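*Asks:* The structure's right below; bear with me while I get my questions together.
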Amino acid sequence: MTKHQDLLSDIYGINAPMNKRNLPYRITYILEIILVLLGAIFYRQPLLSVLLLLLLLLPPLSIILTKHEINKLSIDVTPLSREVISDGILNVKISVTYTGHIPLMNCMINFNYENLFYPHDIPQEFVFPSEARKTGEFTLPFSVTKAGMIQISVSALNVTDYLHLYTFTRPLTETIEIPVVPHDIPAPPYSKKRVAASTTDGDPSEIYTTGGERSQDVRELREYRAGDRLKDVHWKLTAKTDELMVREFEEIKELYYLIIPILNKPSPDENTAANDVLQDTLEVFLSIGKDLIKEKEPYSVAIFSSNDNTFDYKLVTTEEDLYSALFKLYKCPIDGYSKAYETYKEKFTAGTDGIILIQDGKLNSKETYE
């Protein structure tokens, strides 16, 4: 088949899949041609013959022009804010740059909008015109009700010719993600105990704080330094040397705070179940995290991956670190997350009593809080 034949096939839809939206226009246009043809045959009016010729020429002209101009159209999708608060409005800007000389009046973007915790695979559309040699901007507002990672995936740009007879589709692969922050709530009472991690097991959080538990093994005897405890002074050796000498002990454990949030799979229908325990868990996690930062207590967040049963430990000392951990939590596979704590206990047997465990929107019921 020649290039000319390929073009004719595209124009008349011989090889192209039939677009259902174009079908009524095609049928109507064919009926118009038939009526004008019948009029030209029976009435033998030159004007009808000219009109018939125009009707036959307009479809290929319309489609060729559209096909030629579509490559001059570019789309850019950007959020107007880095993050959004629950029950707020997410505004997304769509920038359309068109360098062609002929307006494209029938443009449409296909996209999917969903919270990763609440999958929603129903495609959505945005229809807009493209003015010649201009850049246009459109703002799409989305109402967000639940915390999580909002993902907007643009899949295709569709441009229909001026007669609505044929639609060209150009695939797009642009994806943007916008985190939605949970509501601010007061931090509930939580355990003030720190978790002890044995150095033989390794400290999974890589947080080294003051207050480590020490063994009775003396590592070395050395001269007194500012900050040393008086009870560590070796008085007998001090009396012999006339210098303050202290014992330095082996430290076998480091103490730190460790938060393990357990994500519960939400209801399939996000519009039901007013008491969403997943949202409650996220709110409690954020409130306790902010409270520890306020108290200037560094801590670690254990983020579980159910794909390979591993943990990623995020050190948190600032609110920026906390939100970074929260947003990473948003991207976790939620299926199988309920076994996170059991997996942790199997991997790290030392010191699980002081863990701040958040599940079903509540703190671990096994703990006793003051």
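*Asks:* Report the normalised scattering of the range 129-170 as log10 I(q)/I(0) at q = 0.14, 0.18, 0.34 Å⁻¹, calculated by the Debye formula with identical scatterers on the alpha carbons.
*Replies:* -0.60, -0.83, -1.17
*Asks:* Using θ = phi - 60° and the Karplus relation 6.51 cos²θ - 1.76 cosθ + 1.60, list the HN-Hα couplings for the range 137-150 in order, rounded to whole Hz, with x at every Gly or Pro.
*Replies:* Values per residue, Gly and Pro as x: 10, 10, 10, 9, x, 10, 7, 10, 10, 10, 5, x, 9, 7 Hz.
*Asks:* Can you work out the Karplus-derived ³J(HN,Hα) for every residue in the range 278-287? Use 6.51 cos²θ - 1.76 cosθ + 1.60 with θ = phi - 60°, whole Hz, and x for glycine or proline.
*Replies:* After applying 6.51 cos²θ - 1.76 cosθ + 1.60, I find 5, 5, 4, 4, 5, 5, 5, 4, 5, 5 Hz.
*Asks:* Sticking with this one: Shape call for the range 298-357 from the C-alpha gyration tensor, a ≥ b ≥ c root eigenvalues: rounded (a/c under 1.5), prolate (a/b greater than b/c) or oblate?
*Replies:* Taking the square roots of the gyration eigenvalues as a ≥ b ≥ c, the range 298-357 is oblate.
*Asks:* Let me ask something else. Each residue of the range 308-321 in turn: what ³J(HN,Hα) in whole Hz from Karplus with 6.51, -1.76, 1.60 and θ = phi - 60°, glycine and Pro shown as x?
*Replies:* 10, 6, 10, 10, 10, 9, 10, 6, 10, 10, 10, 5, 4, 5
*Asks:* Among the lysines, select those whose C-alpha is under 30 Å from the C-alpha of K134, and discard any that sit fewer than 8 residues away in the same chain.
*Replies:* Cα-Cα hits under 30 Å: K67, K72, K93.
*Asks:* Let me test this: with uniform point scatterers at the alpha carbons of the range 98-155, what is the Debye-based log₁₀ I(q)/I(0) at q = 0.19, 0.25, 0.31 1/Å?
*Replies:* Taking Cα atoms of the range 98-155 as identical point scatterers yields -0.77, -1.03, -1.30.
*Asks:* Taking a point 7 angstrom from the Cα of D335 along the C-beta vector, which residues in the range 301-315 have backbone N less than 11 Å away?
*Replies:* Zone members listed by number: 307.
*Asks:* For the pairs K265/K362; K231/K296; K265/K294, note any where the Cα-Cα span goes beyond 20 Å.
*Replies:* Over 20 Å apart, Cα to Cα: K231/K296; K265/K294.
*Asks:* Please work out the FRET efficiency for the pair R133 and K294, using the Cβ-Cβ distance as r and a Förster radius of 56 Å; give the result to the nearest 0.05. Don't skip to the end; give the middle numbers.
*Replies:* Numbers: r = 55 Å, r/R0 = 0.98.
Plugging the Cβ-Cβ distance into 1/(1 + (r/R0)^6) gives 0.55.
*Asks:* Quick one: which of K290/K347; K146/K314; K290/K328; K192/K328; K192/K339 span more than 21 angstrom between C-alpha atoms?
*Replies:* Distance filter (> 21 Å) returns K290/K347; K146/K314; K192/K328; K192/K339.
*Asks:* If you don't mind, there's one more thing I want to ask. Taking the Cα atoms of the range 148-190, report the difference between the largest and smallest coordinate on each principal axis, in whole Å and largest first.
*Replies:* Cα extents, longest axis first: 66, 18, 8 Å.
Every number here is computed from the coordinates shown, using simple stated rules; none is lab data. The model shown is predicted, which means the values in this text are computed figures rather than measured ones. Please note: Cβ atoms are built from the backbone with ideal geometry, for glycine as well, and neighbour counts cover all protein chains shown.
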